[in-house]
Amino acid sequence: MSGHRRRAALRWAEPSVCTENLMRKFNAAIILIAAFSACFSLSGCYNEAKDFQRLVQSPASVDGTVVYTECNQHGGFVYSFVVADHEYRTRTSSPNCSAMKVGDKVPVFYDPAHPATNTLLPPERAYQQAKGWYIPEWTMPLIFVPLMVVAGIFHSARRSRASRRDAGPGAR
């Protein structure tokens, strides 16, 4: 193969410098977006559990009643209780769900100022479980979509480099 034809074949097999620079910038932008999304979704994810803090400071208790069980859905059940002629219902889960029956009595701890803040656990324990770092469900797409895009870009770049390498010089 003459020198001129060989250079032409190599030029065809390798992407142009302009295309490589564009791909680098695009990859850097995607990585930056993914990093920003991860930082955004993790910021402000500390739950101070102020509602349960108030519950710990001034708890009240009342007997509640199990009104619905859905143990096949993460051990969930619904209980209700009445405060000042107003009925409150709360869905919760328990590993003992299968032992719960509709009509069973359960002790409910609630905040007298805000009865919608309630728990079956002792208030101190409910507070300890509620506070801390967590990732809200609504942020999952912000984390995983950019990561999947970046993974797809790297995967396609590896495949195109491998196919160019396997094709060899002069292949079309």
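Some observations on this one:
- In this simple spin-label approximation, residue 154 and residue 63 carry label points 7 Å from Cα along the Cα→Cβ vector, and these lie 6.0 nm apart.
- Note on 120, 142: ascending count of other Cβ atoms within 10 Å places them as 120, 142, the fewest first.
- Here the Karplus relation 6.51 cos²θ - 1.76 cosθ + 1.60, evaluated at θ = phi - 60°, turns the backbone of the stretch 50-67 into coupling constants of 4, 5, 6, 4, 5, 4, 5, 6, 9, x, 10, 9, 7, 7, x, 10, 6, 10 Hz, with x for every Gly and Pro.
- With 0.36 nm allotted per residue and the present C-alpha distance subtracted, the residue 162-residue 20 stretch has 49.6 nm of extension available.
- Kirkwood Rh in Å, taken over the stretch 47-132 so that all alpha-carbon pairs contribute: 13.1 Å
- Placed amide H near residue 64: partners under 5 Å, 5+ positions off or other chain: 106, 108
- Peptides ranked, highest mean first, by Cβ atoms within 10 Å: ranges 65-71, 148-154, 81-87: 65-71, 148-154, 81-87
Bear in mind that the values in this text are calculations on the coordinates, not laboratory data. The structure displayed is predicted, hence computed values, not measured ones. No Cβ is skipped: glycine too gets one built from the backbone with ideal geometry, and neighbour counts run over all protein chains shown.
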